[in-house]
Structure formats: C-alpha cells, structure tokens
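The values are calculated or read from the model by the stated rules, or taken from the named source; none is laboratory data. As the structure is a computational prediction, the values presented were derived from the model and not from experiment. Positions of Cβ are backbone-derived with ideal geometry, glycine not excepted, and every protein chain shown enters the neighbour counts. These area figures cover heavy atoms from the full protein model, side chains too; ligands, DNA and RNA do not enter into them. Shrake-Rupley method; radii C 1.70, N 1.55, O 1.52, S 1.80 Å.
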Amino acid sequence: MTDVAAVYPEIIVTIVACLVLVGDTALGRRRATAALPAITVAGLALAIVATVTVVPLGHYFRGFVVVDAFTGFFRAVFLLLAIFATLVSPEYLERRRIPAGEYYATICFSTVGAMTIALSSDLITLFVGLELMTIPIYVLAGIQRGDRYSNEAALKYFLLGAFSSALLLYGFAWLYGVTRATDFAAIASYLVANGVASGPTIVALALVTVGLGFKAAVVPFHQWTPDAYEGAPTPATAFMSVGPKAAAFAAILRVLVGALGPLAVDWSIVIAVLAAVTMTAGNVVALAQGNTKRMLAYSSIAHTGYILAAVAASRAGVSAGAAVLFYLFAYGLMNLGAFACLLYVDLDGTRGASLDELNGFARREPLGALAFAVFLVSLTGIPPTIGFIAKFYVIQPVLDAGLAWLAVVIALNAVLAAFYYLRVVVRMYMYDPEGAVPRLVSPRLLSTSLGVASAAVVILGIVPNSLLEWAQRAAQPLVR
Amino acid sequence: MTHLLTLLIVIPLAGLVPLVIFRRDDRAVKQVAITTTAVELALSLWMLAQFHIGEADFQLVERIDWLPSLGIRYFVGVDGISVLLVPMTTLLTFISVLYSSGGAIKMRLAEYMTAFLLLEVGMVGVFLALDLFLFYVFFELMLVPMYLIIGIWGGPRRIYSTLKFVLFTLAGSLLMLVGIVAVYLASGDAGSRTLSLPELIEARGSFSADFQFWVFLAFGLAFAIKLPMVPFHTWLPDAHVEAPTAGSIVLAGVLLKAGGYGFLRFALPLFPFGVQAWLPAMILLSVVAILYGAVVSAVQKDLKKLVAYSSVAHMGFVTLGIFVLNQQGGVGAVLQMLNHGFVTGALFLFVGIQYEKTHRRMIADLGGLANIWPVYTTLFGVFVLASLGLPGLNGFVGEFLVLLGTFRFPGVPLGGLFWGPLAAIGVILAAVYLLWMFQRVMYGPIRESYRLLPDMTRLELACAIPLLVLTVVLGVVPQPFIAIIEPSLDRVVRLATDPGLILMAAR
C-alpha cells in the first residue's frame, strides 16, 4: 500500500487526464471550453499538494521507484509548467478550433511521463517515463490536424524521437550487458568496483549520451527542434520547449551523473565541448532568424548549452546539480512565458510572428509587451531577473570544476544572445506599428497568467534564496 | 544604525507608484518625477552632511544577509570616494528630469520618467554597493533604462546606437561576471565564501599572480568599456549623438563614472598584483585617450560629437590619475570625475538647449549666436573654459592634480617625466578645439533665420545655475572636497601598492 502512496501525485494526474477526456464528450462543446482547463488546473494543483509526500523518502516498488528531494523538486517543476501551459492555452485553442479535451489530456499524460523520469531509480522505469513523456508530445505537435506544418512538425519529431529512443535503449542494453544491472545504484557501484573505461562501457556511454542528447536538443542532435517548434501550435510549442527539456535533463542527471557518475572523467570533457558547441550554434543561428518563433526555438537550444555546461561541471559537487535544477526552473518560467507572449500575435493565417509583426507591439498591447520584455531580459541574463541568478549560479560550478574557458564561452554567448533578444524589444518599443495590422484579440486569462509569471521572474530575481536552497537540497541525492 | 542609504535606493522606486497611477496625465507625471528626484537630491545632501570627514573607512553602513545560502549580502556604505559621487548623481538626474519636463520630450512621457527613475536606482546603487554581487546588479540595472532612453527617445540612428551601446557594455560586464564568480570561489572554502569587499580584502593575500592577472583583465575590460578607454570608446560618440539631451547628460555625467569608480573601489584594492601587471598598458591607454580624444574632437563637424570625444579625453585623465597610484593622482582623478560630471553635463545641456531652438547641430550651420543670446553665450563660455582647464574653475584643479601625480610617478616604463608632459599636451589641445568650436558657434555672421530665436528660458537657467555654482566653487575652494576624498583615497592607494602582497603574489 505504501508503494501506491509513493506515487499519489502521478496517479492524480493520470486520473485528471482521464477525467478531461471523459468530460470532453460528456459536457458538450460550450461547457467544455470553460470546464476543461478548470478541471486540469485544479487537478494539477491537487497533485502539487500531494507531492508534499505522505511516504518517507526512499525506494518503492522493489527499487524501481525512488522518492527523494530530487523527485520532489522535479515533480513540482513539471506540474507548475503544466499548469502554466494550461492557463495560456484556452483562448488560442478556441480561436484555432483545436480539440481542447485531447490537448489538455495530452499535456497531463506527458507530465505523468516526466514525473516518472524524476521518480526512476532504474533504467527501465526511466525509459518507460521517457516514452510516456515523449509520445504525447508527438501528438501535441500534430494536434492541428488540418495544418500541414503541424503535420510536418509531428512527423519529424516522431521519426527522430523514435530513432533516439532506439539508440538510448540500445545503450541501456549495452549498459546492462556490462554491469548486469538496471538499477542506477548497482550500475554505479559496479563501475566503481571494476575500473572504468573498457570498450563496451564506452560504447554504452556514447549511445546513452547521444540518445539523451537528442531528447534535450543538444547540438549536433538538435535538427528536429526548429521545425517541430515552429510547426506545432504555439501553446504546444511553449510547453514542448520546457517540459520535455526539463525531463530530458532529469534523465541526464539520473543516468549520467547518478548511474554513470564514476565515469565522469571520461564524459565530462565531452559534455563540456558539446555544451560550448550547443550554446554557440544555437545563438549564432538564432541571430539570423526573421521569425520570432523560430528564433526562440534556436534560443532554447542555446539555453540547453548553458544547462549542459553545469552538467559537465558535475565534479564540482552539489553546486553543479543545484545549478542545473535552478536553471531548469528559471528557464521553464521564462521560456514558456516568452513563447506564450507570441500567442497575442499568432492569428489565423500566420505561423509564429515575423519580427515585423511585432513592430509597435508595446502600443497595441502594453502589458503583453512588458511581460515579453521581462522574459527576454531574463533570458538575456540581466538583473534583477531570475535569468541572471541562474546564469550566475551556472558559472560558479563551471569555474569551480576548472572549466574557465567554458565560463568565458558562456559570457560571450550571452552577449550574442542579447543581440537578438533585444532586437525583439526594439521592434516592440522603438518601432511604430506598420500599416494595417491585424486587430489583436485581448485574451484575459493569457494576460493574467503572463502577468503573474513575469512578476515571478522579477521577484525570484530579487529574492531567490528559498528557491536556491530548495535546488541545493534537491541536488543532494545526486552526490554519493 | 540608520537606513539612509537604503532610503536613497528606495525613493526612486517609490516614485514609480504615483507615476504609474497618474500615467495618463502629463502634468502630474512631470510633477511626480521632479518631486521624487528633488527629494532624492535633498536626501543625498543630508547624507553628505552626516558624513564624518577625515575617516577613511565606510560610513552609514548597512548589512543584511541577502542570499545566505551563497554568502551574498545586501551591503551598502559610503566613504570619501563615493560620498561625493552620489550627490553628483542625484543632482544631474534632477536636472535631467527638470529639463526634460520643459517640452523636450514629446511622446510617452510617463515611460520616459519611469526609465529615468529606474536609471537613478541603478546609478545611486552602483556608488553605494560594497558587495560585488550587489554592485553587479546595480551596474547592469543602469543598462536597460539607458537602452530604452536612447532607443525610444533618441535621434534618427537611435536603434543602431543603442544596440551598440548595450552590446559593448554587456560584453564587458558579462566577462566581469565570470571574474566575480572566480573571486567568489577564491574567497574561501565552500560555505565560507563571500563577495563583501572588506572580507575580500582580507582574503586577497591568497589570490595568486596568475589569478590576479586574469581577473583584473575581466574587471578591467568591463570598466574600460564603461569609462570608456581607447580603443573601447567607439560606442560613446554614437550613443551621445543619438541620445536625447537628458540622456546624454546622465550618460556622460554619471554612467561613465561607474567605470572609474569600479577601478578605485574594487579592481585596485583587490588585485594589487594585477594592477602592477597591467599598469604599463593602462598608463599608455590613458595618455593615448587624452591625446587621441583631443585630436579627434578638433576635427568633429557635429557639436554633440565634439563634446562626446572630449569626454574620452577627460576620462583619460581619470584613468591616468588612478593608475599613477599616488595620492595626488587619485584625488585628482576623483575630482576630475566630479568636474567632468558637472561640466560635461552642462555642455550637453547647452548643446541640447541650442538644438531645441535652431534644430541644427553641425558647427558649420551655426555661428553668431552671441549676437542674440547674451546669457547663453556667457554661461556656455564659462563651461567651455572650465572644460579646457582654466585656473579658477573646477576643470583646472582635477587635471592639475592628475598631472602633478603623473610627474611624480616613478613606474614602468619611462616614468612620469615622459608621460606627464605628453598628458599636458592634451590640456593645450583641449583649449584649441574647445575655443575654436566656441568661436565658430558663437561669433561670426549669424543666419537670418536665427534672429528671432529667444535666449535661455527660466527653466533652462534653473537647470544651468546649480552646475555653474559648483563649477566655480570647486574651482575656487577645492580644499573641503579634497579633505573629504583624501583619507579614503589614501587607503585605496595603500591597498593597491602593498609591496608585501605584490611580492607574495609574484612568488
């Protein structure tokens, strides 16, 4: 019975997803549009309450599931992101006639998958979680059935996602072959006991790194990202860019830092180089984009690089893990927010906003523009925002691990990134609206949730202490 | 324990509340902004009155744990170096806001004043912060409002200029952030790390030579770009030319000082070996800035650009004074920062006033203005003379002390007897380009279309008079100001030239 109690939050979210599906058909169209988001948000909030766990920390389901501070942190992050994503969606879904029931249910199912990754203490649980997280996202990308770009996005994402899952699974098989274990702790202790870099171990390590690299959109395994992000309906993109990325990093931390931690000497320099390449490539390509949605897609790749830098610095101890967690939280908030701001201009017939469409946005929608500016300033890493604290917090373990060059690369990249983020601010505040601009709908729910989120970005940039301490506690289980 | 300094940081923020409430009413917006900056000015003068002259250490200190898990504090205080820069900041902000309320800003007034109040928070905070993290936060906080001020209310090429300004500054400051983190990690073992200045000064004995070399470079780049030193100055003329008048006043008057102040407050005391290692480069670049700034000023066709390049030359004196590492030079550098704030602020104000009336900034389009504007000509003349270093006005005192310090500078390479005369040539060149400019703008035949333009209004006079008074007072009786600066500056110079530490690091 305590086994079941350990996964109450996941059970709640699953039930919510089913309720939404049933409600969709039972309630009828008119009432469903209002009721479904309400049910989803209420259910997810209940799940957050349930994460304040009733069971003692430890292993459950015969060691397949672990509940620790790390799990708690990620559960809360995934649920908060799902709530945020739900709140910004309703008006858009109605405008574009996207089936709401399926949409919210998919978000919930994907969140269950992500939470399962956070729970996992075994390769098998982790893989199940990863698939449960990703498959709904394929659906989400293609949920706009009539739109060919949405179809393209779903197909590309699905093919590459399936490919990467296969690679990852193959890597897991090698790992099992070498260590005869699927349990993270057992794998780690085998690697400690039996020396490290043998041929098969390296193969396993490479396959796992590539597989997880695909999921997190690390360059050069990122090619699916821009098309998938651009083609998917914008609220789905907002969710895709943060939820699955956070989940992928949860997996990276569990597998690379947790299970394969003893091999850190072998992988950390590779990861450091990947991080540098990822952030630089993401930023350089983002510079050349004229479409804001695509630009944000590349910018999210750049942020993957910053987070990966902290992973590479894992020999610095708790502070590295804590930096990853804190950055993921900050990134989730500001990136989801930034994509959601595009919902104002994402009208029928447009695919994401070209930069020109944002001209004079501050006049047309002052609050939306302010929120967008706050998210962009935070993504740039300028105080007093959470993005700045996150950057400061990432640079610290990177330097501590002796990767001074990587810290300098991060700093220079932040300047590159400032250029294209601020270009959007320029368009919004310093240009006049051009000619006949489409009339903007002014969705109240969207504005409210963006207002709250941008306030949170600033407030957590000024008083981040409790969040920092939470991240530090949550990173503790990663260190042996 | 008083909360005076925190109040100084909070008041502009508090002013935002009524500003947002009355945002639709331009008159109310002006009143709120003027009142807020006036209260801030009064409070900063009250702070100056509370300051005990003759003590080297920090006063009015406030210290609260901010991020206890990282050992980062909200830590503010003033010493003889910063205590004068804060009232300078609040005065220049007040004047900027006052001038802007006169009709120079024709659109989005509430947003404009919001940007100015936020800017004031950053500027005041930079001079008060004694924790490197806090300093960095304020240092960056100055960036976004100024970016908006240039980008929204600036001239035709404002967007290019403002992006250039931001990217230059950001490139420097982000490298400094890496430097700050490096200092943080070097300050102790996990758990006892800190970024508070006094603790860092205690811990600096353990900073190795290599470490100091690189970290000084990281800090130095940030400050050198902000200051700006040649060859990082190229953003400055663009930013000044496009910025609205009030933006230029604050940019030249205050933002540049953050660079010079950063050297004195953090780079010098923390990295004595780094200072020694980079000393030849800094001296060379300072003298180059003085000469290059002067020569380039002389050939400018645009009045505003001329004043902007003269800033480069004047800030060269600041860095020269700082890096000759003696008391005269240092005191001269701090005075030069104040003088430059008042005088160059005033010059930009006068260029702005003139532009508002004639809508011309090219020197060739002007001329003969003395015939119609006697008051304007007199006041502008005084500031031009102060800027070129006429004895009896403030510019002379700072530059003279810097030159004195330079002549007594024994350091590598070549010594003060080489660098001193070179820098002195800069003073002569300043007289050349400033007087030549004055002659071309003020005398000669006047265009007919200017005949009916009115002289300075009462509002414009109200903006100029305080600066005029300070220019004269600082020139005639500099001693009280020197007495305020001297003890703290001595301390900085001693910390920066501690021979034991320099040797220890070198070993």
Original post:
Can you tell me which of A:Ala42, A:Ala76, A:Ala69 is small (Gly, Ala, Ser), over 30 Å from A:Thr25 (Cβ atoms) and surrounded by fewer than 20 Cβ atoms within 10 Å (Cβ to Cβ)?
Top reply: A:Ala69
**OP:** Filter segment B:315-336 down to the residues that are open to solvent by 10 Å² or more (accessible area, probe 1.4 Å) and not aliphatic (A, V, I, L, M), then identify the one that is nearest to B:Asp498 (Cα to Cα).
**Re:** B:Asn326
Original post:
In segment A:351-389, which residues are of a type in the set (S, T, N, Q) and away from chain B (no Cβ under 13 Å)?
Top reply: A:Ser354
Original post:
For the subset of segment A:390-405 comprising residues that are at the interface with chain B (Cβ under 7 Å from one of its Cβ atoms) and not hydrophobic (A, V, I, L, M, F, W, C), which member is least open to solvent (accessible area, probe 1.4 Å)?
Top reply: A:Gln396
Subject >> Complete set of residues in segment A:68-107 that are among the aliphatic types (A, V, I, L, M) and touching a Ser or Thr at 6+ places or on another chain (Cβ under 7 Å) >> reply: A:Ala76, A:Leu79, A:Ala82, A:Leu87, A:Val88, A:Ala100, A:Ile107
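Helices (runs of 4 or more DSSP H) wholly in segment A:56-149 with at least 2 residues that are within 16 Å of A:Leu44 (Cα to Cα) - which ones? Steps first, answer last, please.
Details: elements: A:69-88, A:90-96, A:100-119, A:123-141.
In segment A:56-149, A:69-88, A:100-119 are the helices (runs of 4 or more DSSP H) which contain 2 or more residues that are within 16 Å of A:Leu44 (Cα to Cα).
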Subject >> Scan of segment B:363-392 for residues that are open to solvent by 20 Å² or more (accessible area, probe 1.4 Å), assigned to a helix (DSSP H, G or I) and among the β-branched types (Val, Ile, Thr), ordered by number >> reply: B:Val375, B:Thr378, B:Val382
Original post:
Checking A:Ser241 against (1) open to solvent by less than 10 Å² (accessible area, probe 1.4 Å); (2) in contact with a strand residue (DSSP E or B) (Cβ under 7 Å, 6 or more places away or on another chain); (3) not hydrophobic (A, V, I, L, M, F, W, C), which single condition isn't satisfied?
Top reply: (2)
Original post:
Under the condition of being small (Gly, Ala, Ser) and within 12 Å of another protein chain (Cβ to nearest Cβ), which residue from segment B:60-117 is surrounded by the fewest Cβ atoms within 10 Å (Cβ to Cβ)?
Top reply: B:Ser69
Original post:
Quick check: is even one residue across segment B:187-199 within 12 Å of chain A (Cβ to nearest Cβ), aliphatic (A, V, I, L, M), without any contact (Cβ under 8 Å) to a residue 60 or more places away in the chain and open to solvent by 10 Å² or more (accessible area, probe 1.4 Å)?
Top reply: yes
Original post:
Do we find that A:Pro220 is under 30 Å from A:Phe339 (Cα atoms) and either among the polar types (S, T, N, Q) or not in a helix (DSSP H, G or I) (or both) in this structure?
Top reply: yes
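Criterion first (open to solvent by less than 10 Å² (accessible area, probe 1.4 Å), more than 7 Å from chain A (Cβ to nearest Cβ) and aromatic (Phe, Trp, Tyr)) does B:Phe127 satisfy it? Let's see the steps before the verdict.
Values: open to solvent by less than 10 Å² (accessible area, probe 1.4 Å): yes; more than 7 Å from chain A (Cβ to nearest Cβ): yes; aromatic (Phe, Trp, Tyr): yes.
Against the criterion (open to solvent by less than 10 Å² (accessible area, probe 1.4 Å), more than 7 Å from chain A (Cβ to nearest Cβ) and aromatic (Phe, Trp, Tyr)), B:Phe127 qualifies.
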**OP:** Identify all residues within segment B:361-376 that are in contact with a Phe, Trp or Tyr (Cβ under 9 Å, 6 or more places away or on another chain) and either of a type outside the set (Val, Ile, Thr) or modelled with pLDDT of 95 or more (or both); write none if there are none.
**Re:** B:Arg361, B:Leu366, B:Gly367, B:Gly368, B:Leu369, B:Ala370, B:Asn371, B:Trp373, B:Tyr376
**OP:** Of all residues in segment B:136-161, count the ones that are open to solvent by less than 20 Å² (accessible area, probe 1.4 Å) and within 8 Å of chain A (Cβ to nearest Cβ).
**Re:** 7
Original post:
Just for segment B:432-484: of the residues that are basic (Lys, Arg) and either touching a residue at least 40 places away in the same chain (Cβ under 8 Å) or open to solvent by less than 40 Å² (accessible area, probe 1.4 Å) (or both), which one is farthest from B:Phe51 (Cα to Cα)?
Top reply: B:Arg447
Original post:
Do you know which residues across segment B:200-227 are free of Cβ contacts under 8 Å to residues at least 60 places away in the same chain, within 16 Å of B:Leu132 (Cα to Cα) and among the aromatic types (Phe, Trp, Tyr)?
Top reply: B:Phe219, B:Phe223
**OP:** Say whether the condition of being on the phi < 0 side of the Ramachandran plot, in a helix (DSSP H, G or I) and buried (at least 20 other Cβ atoms within 10 Å of the Cβ) is met by at least one residue in segment A:192-199.
**Re:** no
**OP:** Find the residue count for segment B:35-65, including only residues that are more than 30 Å from B:Arg193 (Cβ to Cβ) and in contact with a Ser or Thr (Cβ under 6 Å, 6 or more places away or on another chain).
**Re:** 4
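Kindly indicate whether A:Tyr92 is in contact with a strand residue (DSSP E or B) (Cβ under 7 Å, 6 or more places away or on another chain) and under 27 Å from A:Leu328 (Cβ atoms).
Working: in contact with a strand residue (DSSP E or B) (Cβ under 7 Å, 6 or more places away or on another chain): no; under 27 Å from A:Leu328 (Cβ atoms): yes.
In short, no.
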**OP:** Go through A:Ala330, A:Ala313 for me and flag whichever is open to solvent by less than 10 Å² (accessible area, probe 1.4 Å) and within 22 Å of A:Val457 (Cβ to Cβ).
**Re:** A:Ala330
**OP:** Residue by residue through segment B:177-186, note down the ones that are without any contact (Cβ under 8 Å) to a residue 60 or more places away in the chain and more than 9 Å from every other protein chain (Cβ to nearest Cβ).
**Re:** B:Gly179, B:Ala186
**OP:** Can you confirm whether segment B:244-255 contains a residue that is of a type outside the set (A, V, I, L, M), open to solvent by 10 Å² or more (accessible area, probe 1.4 Å) and within 26 Å of B:Leu117 (Cα to Cα)?
**Re:** yes
Original post:
B:Gly205 fails exactly one of the following numbered conditions: (1) of a type in the set (Gly, Ala, Ser); (2) over 29 Å from B:Ile152 (Cβ atoms); (3) more than 14 Å from every other protein chain (Cβ to nearest Cβ); (4) touching a Phe, Trp or Tyr at 6+ places or on another chain (Cβ under 8 Å). What is the number of that condition?
Top reply: (4)
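Right, B:Val166: at pLDDT 95 or above, touching a helix residue (DSSP H, G or I) at 6+ places or on another chain (Cβ under 6 Å), part of a helix (DSSP H, G or I) and within 12 Å of chain A (Cβ to nearest Cβ) or not?
no
To keep it simple, each residue is scored yes or no on (1) in contact (Cβ under 8 Å) with a residue 60 or more places away in the chain; (2) open to solvent by less than 30 Å² (accessible area, probe 1.4 Å); (3) out of contact with any Lys or Arg (no Cβ under 7 Å at 6 or more places or on another chain); (4) in a helix (DSSP H, G or I).
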| residue | (1), (2), (3), (4) |
| --- | --- |
| B:Pro12 | yes, yes, yes, yes |
| B:Arg24 | yes, no, yes, no |
| B:Val32 | yes, yes, yes, yes |
| B:Ala42 | no, no, yes, yes |
| B:Leu48 | no, no, yes, yes |
